[in-house]
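Each remark here refers to the structure printed beneath this line.
What follows draws every value from the coordinates through simple rules; no lab data is involved. Predicted model only: the values in this text are computed from it and were never measured. Neighbour counts are summed over all protein chains in view; Cβ atoms, including those assigned to glycine, are modelled from backbone coordinates with ideal geometry.
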Amino acid sequence: MGKKIEPSKEVATPAAVEKKPAKAAKVPAKKSVVKKSPASTKKSVKTAFTNDDIALRAYFIAEKRHKTGQPGDSSHDWLEAERQLLAESKKKPVAKTAKKA
């Protein structure tokens, strides 16, 4: 009847053989210690003013500074404007707008 057909054995050529990297010695990973601060110290600060508000206030501070001849620069004006607006926002609670029905 017939001959048995055996599957052919393929010979691996050097290009077909993948080179596996040598196994590196396992070194225990260093554990990083992250100190978490208590949740009570993490307060999200919501301000009632925007960068545009700060810029406008800083502009008027700079104008006044120039008129009076005082020394200073724009970064100090910006910081002063932030300080003033923050102090004002702590004094008065921000009024919520009423929703229209």
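Structure above, values below:
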{"item": "Cα-based Lys proximity count in the stretch 46-91, under 26 Å, for pairs eight or more positions apart or on separate chains", "result": "4"}
{"item": "Computed label-point distance, nm, for sites E88 and N51 using a 7 Å Cα→Cβ extension", "result": "2.0 nm"}
